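The values are calculated or read from the model by the stated rules, or taken from the named source; none is laboratory data. If you're wondering where the values come from, they're calculated on a predicted model, not measured in any experiment. Please note: Cβ atoms are built from the backbone with ideal geometry, for glycine as well, and neighbour counts cover all protein chains shown. The area values use the complete protein model at the heavy-atom level, side chains included, leaving out ligands, DNA and RNA. Shrake-Rupley method; radii C 1.70, N 1.55, O 1.52, S 1.80 Å.
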Amino acid sequence: MAKMQKIVFLIDDDPMQTQMLHDYLDDKFELVLHTYSTGEEALENLHLNPELIILDYHLMSVNKSAEDGVAILKALKEKRPEIQVVMLSGQDKIQIAVECMKHGAYDYVVKSESAFMRIENIMNNIGEHMRTTHLLKMYKRGLTIALIAIGVIIIGAVIAVKMGIATANFVVF
Amino acid sequence: MVTNLTFLNEFTRGDVSKVKKYIQMYLDMAAQKLQVIEEGMQKKDYESIKVAAHTLKSQTKYMGISVAEETIIRIERYCGEQTQLHELPALVEELTKIVLQSMDELKGVLPTL
(Lines give C-alpha, C1' and ligand atoms only; values in the text may rest on other atoms or scores of the structure.)
Protein backbone atom coordinates (compact mmCIF):
# COMPACT_ATOMS: atom_id res chain seq x y z
CA MET A 1 0.00 0.00 0.00
CA ALA A 2 1.37 3.44 -0.91
CA LYS A 3 2.38 5.63 2.02
CA MET A 4 0.09 8.64 2.49
CA GLN A 5 1.96 11.87 1.88
CA LYS A 6 1.47 14.78 4.22
CA ILE A 7 -0.35 17.75 2.79
CA VAL A 8 1.04 21.21 3.49
CA PHE A 9 -0.52 24.55 2.47
CA LEU A 10 1.69 27.55 1.72
CA ILE A 11 -0.24 30.82 1.88
CA ASP A 12 1.71 33.87 0.70
CA ASP A 13 1.02 36.70 -1.74
CA ASP A 14 4.70 36.93 -2.73
CA PRO A 15 5.28 34.48 -5.62
CA MET A 16 9.04 34.51 -5.19
CA GLN A 17 8.86 33.70 -1.48
CA THR A 18 6.32 30.95 -2.19
CA GLN A 19 8.41 29.46 -4.99
CA MET A 20 11.58 29.45 -2.89
CA LEU A 21 9.84 27.87 0.10
CA HIS A 22 8.08 25.35 -2.15
CA ASP A 23 11.38 24.30 -3.76
CA TYR A 24 13.14 24.11 -0.39
CA LEU A 25 10.48 21.97 1.30
CA ASP A 26 10.11 19.81 -1.79
CA ASP A 27 13.83 19.00 -1.55
CA LYS A 28 13.72 18.23 2.18
CA PHE A 29 10.45 16.35 2.71
CA GLU A 30 8.03 13.96 1.05
CA LEU A 31 5.05 16.31 0.88
CA VAL A 32 2.14 17.36 -1.24
CA LEU A 33 2.38 21.16 -1.32
CA HIS A 34 -0.52 23.42 -2.22
CA THR A 35 0.12 27.13 -2.67
CA TYR A 36 -2.41 29.94 -2.29
CA SER A 37 -1.99 33.70 -2.60
CA THR A 38 -4.87 34.44 -0.22
CA GLY A 39 -6.10 32.82 2.97
CA GLU A 40 -9.65 32.74 1.63
CA GLU A 41 -8.58 30.34 -1.14
CA ALA A 42 -6.92 28.10 1.42
CA LEU A 43 -10.02 28.10 3.65
CA GLU A 44 -12.06 26.89 0.67
CA ASN A 45 -9.68 23.96 0.29
CA LEU A 46 -9.53 22.65 3.85
CA HIS A 47 -11.29 19.49 2.66
CA LEU A 48 -7.87 18.48 1.30
CA ASN A 49 -6.93 17.94 4.97
CA PRO A 50 -3.60 19.72 5.35
CA GLU A 51 -1.58 18.72 8.40
CA LEU A 52 0.34 21.97 8.40
CA ILE A 53 -0.22 25.47 7.05
CA ILE A 54 2.54 28.03 6.59
CA LEU A 55 0.75 31.36 6.61
CA ASP A 56 2.07 34.80 5.68
CA TYR A 57 1.04 37.68 7.94
CA HIS A 58 0.60 40.23 5.11
CA LEU A 59 -1.63 38.99 2.32
CA MET A 60 -2.85 42.22 0.71
CA SER A 61 -0.23 42.98 -1.94
CA VAL A 62 -2.08 41.23 -4.78
CA ASN A 63 -5.67 41.45 -3.54
CA LYS A 64 -6.26 44.52 -1.37
CA SER A 65 -9.48 43.11 0.06
CA ALA A 66 -7.77 39.88 1.20
CA GLU A 67 -7.91 39.21 4.94
CA ASP A 68 -4.62 39.46 6.83
CA GLY A 69 -2.83 36.46 8.29
CA VAL A 70 -4.21 36.82 11.82
CA ALA A 71 -7.82 36.88 10.59
CA ILE A 72 -7.11 33.77 8.51
CA LEU A 73 -5.37 32.11 11.47
CA LYS A 74 -8.46 32.71 13.64
CA ALA A 75 -10.76 31.32 10.94
CA LEU A 76 -8.53 28.27 10.45
CA LYS A 77 -8.37 27.52 14.16
CA GLU A 78 -12.15 27.88 14.48
CA LYS A 79 -12.78 25.45 11.64
CA ARG A 80 -9.92 23.01 12.14
CA PRO A 81 -8.12 23.47 15.47
CA GLU A 82 -6.02 20.34 14.96
CA ILE A 83 -4.16 21.81 11.96
CA GLN A 84 -0.79 23.27 12.94
CA VAL A 85 -0.18 26.78 11.62
CA VAL A 86 3.25 28.40 11.34
CA MET A 87 3.15 32.14 10.77
CA LEU A 88 5.66 33.65 8.36
CA SER A 89 6.16 37.41 8.29
CA GLY A 90 8.42 40.23 7.24
CA GLN A 91 7.54 41.89 10.55
CA ASP A 92 9.91 41.26 13.43
CA LYS A 93 7.67 43.11 15.92
CA ILE A 94 7.22 41.09 19.11
CA GLN A 95 3.57 42.23 19.51
CA ILE A 96 2.64 40.61 16.19
CA ALA A 97 4.38 37.37 17.12
CA VAL A 98 2.60 37.34 20.51
CA GLU A 99 -0.76 38.02 18.84
CA CYS A 100 -0.23 35.11 16.45
CA MET A 101 0.79 32.73 19.22
CA LYS A 102 -2.21 33.86 21.29
CA HIS A 103 -4.48 32.81 18.44
CA GLY A 104 -3.01 29.34 18.26
CA ALA A 105 -0.02 29.59 15.90
CA TYR A 106 2.53 26.83 16.51
CA ASP A 107 5.42 29.21 15.79
CA TYR A 108 6.31 32.55 14.22
CA VAL A 109 9.10 32.92 11.67
CA VAL A 110 10.50 36.21 10.38
CA LYS A 111 11.20 36.22 6.64
CA SER A 112 14.96 36.21 6.17
CA GLU A 113 17.71 34.05 4.77
CA SER A 114 17.47 31.74 7.80
CA ALA A 115 13.66 31.40 7.62
CA PHE A 116 13.82 28.31 5.39
CA MET A 117 15.99 26.36 7.79
CA ARG A 118 13.85 27.47 10.73
CA ILE A 119 10.71 26.21 9.00
CA GLU A 120 12.47 22.90 8.28
CA ASN A 121 13.33 22.55 11.98
CA ILE A 122 9.80 23.47 13.04
CA MET A 123 8.38 20.88 10.65
CA ASN A 124 10.66 18.23 12.13
CA ASN A 125 9.53 19.27 15.62
CA ILE A 126 5.87 19.15 14.60
CA GLY A 127 6.43 15.68 13.13
CA GLU A 128 8.03 14.57 16.39
CA HIS A 129 5.23 16.20 18.41
CA MET A 130 2.59 14.45 16.30
CA ARG A 131 4.35 11.09 16.62
CA THR A 132 4.54 11.52 20.42
CA THR A 133 0.87 12.57 20.59
CA HIS A 134 -0.08 9.54 18.50
CA LEU A 135 1.97 7.20 20.73
CA LEU A 136 0.42 8.73 23.84
CA LYS A 137 -3.06 8.14 22.41
CA MET A 138 -2.14 4.53 21.64
CA TYR A 139 -0.80 4.02 25.17
CA LYS A 140 -3.95 5.59 26.65
CA ARG A 141 -6.12 3.31 24.53
CA GLY A 142 -4.01 0.29 25.56
CA LEU A 143 -4.22 1.30 29.21
CA THR A 144 -8.00 1.72 29.00
CA ILE A 145 -8.38 -1.74 27.44
CA ALA A 146 -6.07 -3.25 30.10
CA LEU A 147 -8.07 -1.58 32.90
CA ILE A 148 -11.35 -2.85 31.43
CA ALA A 149 -9.87 -6.36 31.16
CA ILE A 150 -8.64 -6.22 34.79
CA GLY A 151 -12.07 -4.95 35.86
CA VAL A 152 -13.81 -7.80 34.04
CA ILE A 153 -11.43 -10.34 35.63
CA ILE A 154 -12.01 -8.91 39.12
CA ILE A 155 -15.81 -8.84 38.67
CA GLY A 156 -15.64 -12.39 37.27
CA ALA A 157 -13.55 -13.51 40.22
CA VAL A 158 -15.92 -11.88 42.71
CA ILE A 159 -18.91 -13.53 41.03
CA ALA A 160 -17.07 -16.86 40.96
CA VAL A 161 -16.19 -16.54 44.65
CA LYS A 162 -19.80 -15.63 45.55
CA MET A 163 -21.13 -18.50 43.45
CA GLY A 164 -18.55 -20.78 45.07
CA ILE A 165 -19.71 -19.72 48.54
CA ALA A 166 -23.37 -20.14 47.52
CA THR A 167 -22.60 -23.59 46.12
CA ALA A 168 -20.69 -24.53 49.27
CA ASN A 169 -23.61 -23.35 51.45
CA PHE A 170 -26.01 -25.33 49.26
CA VAL A 171 -23.85 -28.46 49.67
CA VAL A 172 -23.72 -27.92 53.48
CA PHE A 173 -27.49 -27.65 53.71
CA MET B 1 27.85 46.29 -6.69
CA VAL B 2 24.69 46.28 -4.58
CA THR B 3 23.82 42.62 -5.16
CA ASN B 4 25.48 39.57 -3.63
CA LEU B 5 24.38 36.13 -4.78
CA THR B 6 26.12 34.19 -1.98
CA PHE B 7 22.84 33.32 -0.25
CA LEU B 8 21.11 32.36 -3.49
CA ASN B 9 23.98 30.07 -4.51
CA GLU B 10 24.00 28.41 -1.08
CA PHE B 11 20.22 28.14 -1.00
CA THR B 12 20.06 26.46 -4.41
CA ARG B 13 23.25 24.47 -3.73
CA GLY B 14 24.56 25.81 -7.02
CA ASP B 15 21.52 24.79 -9.09
CA VAL B 16 21.87 27.32 -11.91
CA SER B 17 18.34 26.81 -13.23
CA LYS B 18 16.92 27.74 -9.81
CA VAL B 19 19.24 30.74 -9.45
CA LYS B 20 18.09 31.96 -12.86
CA LYS B 21 14.45 31.36 -11.96
CA TYR B 22 14.65 33.39 -8.74
CA ILE B 23 16.60 36.21 -10.39
CA GLN B 24 14.01 36.40 -13.16
CA MET B 25 11.22 36.46 -10.58
CA TYR B 26 13.00 39.27 -8.73
CA LEU B 27 13.42 41.26 -11.95
CA ASP B 28 9.70 40.93 -12.73
CA MET B 29 8.54 41.69 -9.19
CA ALA B 30 10.95 44.53 -8.46
CA ALA B 31 9.89 46.41 -11.59
CA GLN B 32 6.23 46.02 -10.59
CA LYS B 33 6.83 47.13 -7.01
CA LEU B 34 8.79 50.21 -8.10
CA GLN B 35 5.86 51.17 -10.31
CA VAL B 36 3.41 50.71 -7.41
CA ILE B 37 5.63 52.89 -5.19
CA GLU B 38 5.90 55.58 -7.87
CA GLU B 39 2.12 55.63 -8.38
CA GLY B 40 1.61 55.61 -4.62
CA MET B 41 3.80 58.69 -4.28
CA GLN B 42 1.79 60.51 -6.95
CA LYS B 43 -1.54 59.61 -5.33
CA LYS B 44 -0.23 59.88 -1.75
CA ASP B 45 -1.42 56.29 -1.30
CA TYR B 46 0.85 55.43 1.61
CA GLU B 47 -0.73 52.04 2.27
CA SER B 48 0.18 50.85 -1.25
CA ILE B 49 3.74 52.14 -0.82
CA LYS B 50 4.03 50.33 2.52
CA VAL B 51 2.79 47.03 1.08
CA ALA B 52 5.09 47.26 -1.96
CA ALA B 53 8.09 48.15 0.22
CA HIS B 54 7.24 45.25 2.52
CA THR B 55 7.36 42.77 -0.38
CA LEU B 56 10.63 44.25 -1.61
CA LYS B 57 12.12 43.79 1.87
CA SER B 58 12.39 40.00 1.71
CA GLN B 59 13.13 39.87 -2.02
CA THR B 60 16.08 42.25 -1.74
CA LYS B 61 17.41 40.19 1.19
CA TYR B 62 17.49 37.07 -0.99
CA MET B 63 19.36 38.96 -3.71
CA GLY B 64 21.90 40.08 -1.12
CA ILE B 65 20.97 43.77 -1.46
CA SER B 66 21.73 44.61 2.16
CA VAL B 67 22.19 48.28 1.36
CA ALA B 68 18.41 48.59 0.72
CA GLU B 69 17.30 47.19 4.07
CA GLU B 70 17.38 50.31 6.24
CA THR B 71 15.73 52.46 3.54
CA ILE B 72 12.92 49.94 3.09
CA ILE B 73 12.32 49.65 6.83
CA ARG B 74 12.03 53.44 7.11
CA ILE B 75 9.65 53.71 4.14
CA GLU B 76 7.48 50.96 5.59
CA ARG B 77 7.44 52.54 9.03
CA TYR B 78 6.78 56.12 7.92
CA CYS B 79 3.97 55.03 5.56
CA GLY B 80 2.43 52.76 8.20
CA GLU B 81 2.54 55.38 10.95
CA GLN B 82 1.94 58.34 8.57
CA THR B 83 4.85 60.15 10.16
CA GLN B 84 7.90 61.95 8.74
CA LEU B 85 6.26 61.83 5.34
CA HIS B 86 8.47 64.73 4.23
CA GLU B 87 11.36 62.26 4.21
CA LEU B 88 9.56 59.86 1.88
CA PRO B 89 10.55 61.38 -1.49
CA ALA B 90 14.27 61.14 -0.68
CA LEU B 91 13.90 57.61 0.69
CA VAL B 92 11.89 56.46 -2.33
CA GLU B 93 14.45 58.02 -4.65
CA GLU B 94 17.23 56.21 -2.79
CA LEU B 95 15.37 52.89 -2.93
CA THR B 96 14.55 53.31 -6.62
CA LYS B 97 18.22 53.97 -7.36
CA ILE B 98 19.32 50.86 -5.46
CA VAL B 99 16.67 48.60 -6.98
CA LEU B 100 17.35 49.84 -10.53
CA GLN B 101 21.06 49.25 -10.03
CA SER B 102 20.37 45.76 -8.67
CA MET B 103 18.22 45.00 -11.70
CA ASP B 104 21.00 46.15 -14.07
CA GLU B 105 23.53 43.99 -12.22
CA LEU B 106 21.30 40.92 -12.23
CA LYS B 107 20.38 41.37 -15.91
CA GLY B 108 24.11 41.37 -16.56
CA VAL B 109 24.67 38.25 -14.47
CA LEU B 110 21.89 36.16 -16.08
CA PRO B 111 23.63 35.47 -19.44
CA THR B 112 26.82 34.45 -17.62
CA LEU B 113 25.13 31.72 -15.59
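Which of the numbered conditions does A:Ser114 fail, given that it passes all the others? Conditions: (1) closer than 30 Å to B:Tyr22 by Cβ; (2) among the small types (Gly, Ala, Ser); (3) surrounded by 13 or more Cβ atoms within 10 Å (Cβ to Cβ).
The failed condition is (3).
Counting only residues that are among the β-branched types (Val, Ile, Thr) and within 14 Å of chain B (Cβ to nearest Cβ), which one in the range A:102-136 is nearest to A:Phe29 (Cα to Cα)?
Per the criteria, the residue is A:Ile119.
For the range A:45-65, what are the residues that are over 21 Å from B:Gln59 (Cα atoms), within 14 Å of another protein chain (Cβ to nearest Cβ) and not polar (S, T, N, Q)?
Scanning the range A:45-65 gives no hits.
Out of B:Met25, B:Met29, B:Met1, report the one residue that is more than 14 Å from every other protein chain (Cβ to nearest Cβ) and either surrounded by 13 or more Cβ atoms within 10 Å (Cβ to Cβ) or part of a loop (DSSP other than H, G, I, E, B) (or both).
B:Met1
Take the range A:1-36 and flag every residue that is among the hydroxyl-bearing types (Ser, Thr, Tyr) and either in contact with a Ser or Thr (Cβ under 8 Å, 6 or more places away or on another chain) or modelled with pLDDT under 95 (or both).
Matches in the range A:1-36: A:Thr18, A:Thr35.
Looking for whichever is away from every other protein chain (no Cβ under 14 Å), closer than 25 Å to A:Ala66 by Cβ, in a helix (DSSP H, G or I) and open to solvent by less than 60 Å² (accessible area, probe 1.4 Å) here; the options are B:Leu95, B:Leu91. Which one fits?
Just a single option satisfies the conditions, and that option is B:Leu95.
Given the conditions (1) within 13 Å of chain B (Cβ to nearest Cβ); (2) open to solvent by 60 Å² or more (accessible area, probe 1.4 Å), report the number of the one that A:Glu99 does not fulfil.
Against the list (1) within 13 Å of chain B (Cβ to nearest Cβ); (2) open to solvent by 60 Å² or more (accessible area, probe 1.4 Å), A:Glu99 comes up short only on (1).
Looking at (1) in a loop (DSSP other than H, G, I, E, B); (2) modelled with pLDDT under 95; (3) within 11 Å of chain A (Cβ to nearest Cβ), can you tell me which one B:Ser58 breaks?
Condition not satisfied by B:Ser58: (1).
If I filter the range A:72-88 for residues that are within 14 Å of chain B (Cβ to nearest Cβ) and within 23 Å of A:Ala115 (Cα to Cα), do I get at least one hit?
Yes; the residues of the range A:72-88 include at least one that is within 14 Å of chain B (Cβ to nearest Cβ) and within 23 Å of A:Ala115 (Cα to Cα).
Name the residue, out of B:Arg77, B:Arg13, that is assigned to a loop (DSSP other than H, G, I, E, B), charged (D, E, K, R) and within 14 Å of chain A (Cβ to nearest Cβ).
B:Arg13
Could you go through the range B:48-63 and let me know if any residue there is open to solvent by 80 Å² or more (accessible area, probe 1.4 Å) and out of contact with any strand residue (DSSP E or B) (no Cβ under 9 Å at 6 or more places or on another chain).
The answer is no; no qualifying residue exists.
Tell me, which residue of the range A:25-44 that is surrounded by fewer than 20 Cβ atoms within 10 Å (Cβ to Cβ) and under 25 Å from A:Glu99 (Cα atoms) is nearest to the other protein chains (Cβ to nearest Cβ)?
Among those that are surrounded by fewer than 20 Cβ atoms within 10 Å (Cβ to Cβ) and under 25 Å from A:Glu99 (Cα atoms), it is A:Thr35.
Give the residues of the range B:4-22 that are open to solvent by 50 Å² or more (accessible area, probe 1.4 Å) and hydroxyl-bearing (Ser, Thr, Tyr), sorted by residue number.
Once the filter is applied, which keeps residues that are open to solvent by 50 Å² or more (accessible area, probe 1.4 Å) and hydroxyl-bearing (Ser, Thr, Tyr), the range B:4-22 yields B:Thr6, B:Ser17.
Looking at A:Ala149 and the list (1) surrounded by 11 or more Cβ atoms within 10 Å (Cβ to Cβ); (2) farther than 30 Å from B:Tyr62 by Cα, which single condition is not satisfied?
(1)
Could you check, for the range A:71-86, whether at least one of its residues is in contact with a strand residue (DSSP E or B) (Cβ under 7 Å, 6 or more places away or on another chain), surrounded by 15 or more Cβ atoms within 10 Å (Cβ to Cβ) and of a type in the set (S, T, N, Q)?
yes
With a cut-off of at least 1 residues that are under 28 Å from B:Ile73 (Cβ atoms) and without any contact (Cβ under 8 Å) to a residue 40 or more places away in the chain, name the strands (runs of 3 or more DSSP E) lying wholly within the range A:23-141.
A:31-36, A:84-89, A:107-110
Since B:Glu47 meets every condition but one in (1) over 12 Å from the mean Cα position of the chain (by Cα); (2) modelled with pLDDT of 95 or more, which condition does it not meet?
Among (1) over 12 Å from the mean Cα position of the chain (by Cα); (2) modelled with pLDDT of 95 or more, the lone unmet condition for B:Glu47 is (2).
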